[in-house]
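Throughout, read-outs are computed from the coordinates displayed, never taken from laboratory work. Computed from a prediction, not measured in an experiment: that's the story for all the values here. All Cβ positions, glycine included, derive from the backbone under ideal geometry; neighbour counts span all protein chains shown.
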Amino acid sequence: MTTSGTVGFQAMGAADPAKIDVVQHTAGDAAAGLPDPSQEEGTVLLKPAMAYEVQFAWVPKDTCPTSGGSPTPTATDGAAGTSDGTGDSTSQAEVQLGSEDGGTTLDGSVAVTHTPEPGAPVAEAKIPNACAGTIYRTGVLAPTT
């Protein structure tokens, strides 16, 4: 095998595909938990029952959006008023608030896919509560039996 295949993704729910990137892992990047890039194999020859590994790490950029949003006070003029009996009236503004809980977090997830070569079976891992971020991927790591 001379390539490490293709790592892609599918944004689901509230996940925003425009805010998701796939990049090659490099030493010192935000994916410190991945193996050092010097451990990647240039070329791999697999024998029967052998496997290779490509690892990835998800580094979020943002939380998933919420529904409802923060309450915003809005004044309504003339909704209530008083009169002093002389024909003059004064109006009072009433403050109206929206939802006090700030809304709920929308469900988003990202399915990370790895395709070793065109037409080969695709491996997939799902990342829950993910809406925007970077997928750092390794190259091919040492084969295992």
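With a point put 7 Å past each Cα toward its Cβ, work out how far Lys61 is from Asp36 in nm, to one decimal.
It works out to 3.0 nm between the two label points.
Please list, or write none, the lysines whose alpha carbon is within less than 18 Å of the alpha carbon of Lys61, excluding same-chain residues fewer than 8 places away.
Lys19, Lys126
Could you give the nm distance between label points at Thr26 and Ala120, where each point is 7 Å from its Cα heading toward the beta carbon?
Label at Thr26, label at Ala120, 2.6 nm between them.
Would you kindly state how much longer the chain becomes between Gln10 and Ala111 on full extension, computed as 0.36 nm times their sequence separation minus their alpha carbon distance, in nm to one decimal?
35.8 nm
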